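Novice: This is the structure I want to talk about, given as structure tokens.
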Amino acid sequence: MRISSIREFRDRATTLLRSEDPILVTRRGRVAGVFFPWREASIPVEFRRELFEMLSTEIARQLKKKALPETAVLNDFSQWRKERRAARSRR
């Protein structure tokens, strides 16, 4: 297992992510995360489901914490998409 600071991980991400070794990422000497290389071409369905549930729960928690209605988020996303499309059409 390789140990890397967040700064090193950020600066050398391409090289580190191609590595076969797991990487322990630290911030100020404490564990910030762990990267395990994935050798398979696709992600298992069980992992996708678990990830979706975790992300959905976290998004719902953040929305509740900020007292932000879902419609406000959808409107903001819609506006972002319009601006993005307009920028693409100018190219």
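Novice: What translational diffusion coefficient, in µm²/s and rounded to a whole number, does the Stokes-Einstein relation yield for the chain at 25 °C and a viscosity of 0.890 mPa s, taking the hydrodynamic radius as the Kirkwood radius over Cα pairs?
Specialist: 145
Novice: Using 7 Å Cα-to-Cβ label points, what is the residue 5/residue 66 separation (nm, one decimal)?
Specialist: 3.1
Novice: If you keep only loop residues by DSSP, which trypsin sites (Lys or Arg not before Pro) in the range 1-72 have at most 10 other Cβ atoms within 10 Å of their Cβ?
Specialist: Of the trypsin sites (Lys or Arg not before Pro), the ones in loops of the range 1-72 whose Cβ has at most 10 other Cβ atoms within 10 Å are 18, 28, 39, 66.
Novice: From the phi of every residue in the range 75-88, what ³J(HN,Hα) in whole Hz does the Karplus formula 6.51 cos²θ - 1.76 cosθ + 1.60 yield, where θ is phi - 60° and glycine or proline is x?
Specialist: Taking θ as phi minus 60°, the curve returns 5, 4, 5, 4, 4, 4, 5, 4, 5, 5, 5, 4, 5, 5 Hz for the range 75-88.
Novice: May I ask for the angle, rounded to the nearest 10°, between helix 45-65 and the longest principal axis of the chain, with both axes built from Cα atoms and the value confined to 0 to 90°?
Specialist: 60
Novice: When the dipole is taken about the Cα centre of the chain, and only Lys, Arg (+1) and Asp, Glu (-1) are charged at their Cβ, what size is it in debye, to the nearest 20?
Specialist: 620
Novice: Also, I was wondering about something else. Where only protein heavy atoms count, and the probe is 1.4 Å, what is the accessible area per residue for the chain in Å²?
Specialist: Result: 93 Å² per residue.
The values are calculated or read from the model by the stated rules, or taken from the named source; none is laboratory data. All values reported here derive from a predicted model rather than from experimental measurement. Cβ coordinates were reconstructed from backbone atoms using ideal geometry, including for glycine residues, and neighbour counts include every protein chain displayed. With ligands, DNA and RNA removed, areas are computed over all heavy atoms of the protein, side chains included. Shrake-Rupley method; radii C 1.70, N 1.55, O 1.52, S 1.80 Å.
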